[in-house]
């Protein structure tokens, strides 16, 4: 192992010292996820199939390249904060979502095999205020 100064490391590393403090709450993490999805509103994301019918141990391992969860996992700040992979179970843990909330965000049964990023961002925002249900989703859809 070669010893390097902090300046030398900063020159070659993508350092995000603010990661642990900027997105510390559940709502902040969900809002960041929605903003990541909104970076390309026309992007088509791949939905997970049948999350509500899959056994819990298998559901936790579900993943799909190009999914909304994959968008979150691509973010270096989320990874620095502890998002370990792009699986359903890890997203549920990291974003502190119930199975039903995550199902509403990533499952194919709502819009088919591909999800528009715009729609997905509105579903993520609806999960910020649990209990608001359809009204929070509609508000997020038309305001953002």
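Observations on the model:
- Rounded Å value of the spacing that divides the Cα centres of segment 27-81 and segment 105-123: 10 Å
- For the pair residue 43 and residue 2, a Förster radius of 41 Å applied to the C-beta separation gives a FRET efficiency near 0.55, rounded to the nearest 0.05.
- Cut-off 18 Å (backbone N to label point 7 Å along Cα→Cβ of residue 57), residues of segment 78-94: 88-90
- For segment 23-143: rounded, prolate or oblate by the Cα gyration tensor [a/c cutoff 1.5]: rounded
- Computed over segment 19-111: relative contact order in percent, which uses C-alpha pairs under 8 Å that are six or more apart: 33 percent
Just so you know, all these numbers are worked out from the coordinates, no wet-lab data involved. The model shown is predicted, which means the values in this text are computed figures rather than measured ones. In this analysis, Cβ positions are derived from the backbone assuming ideal geometry, glycine residues included, and neighbour counts consider all displayed protein chains.
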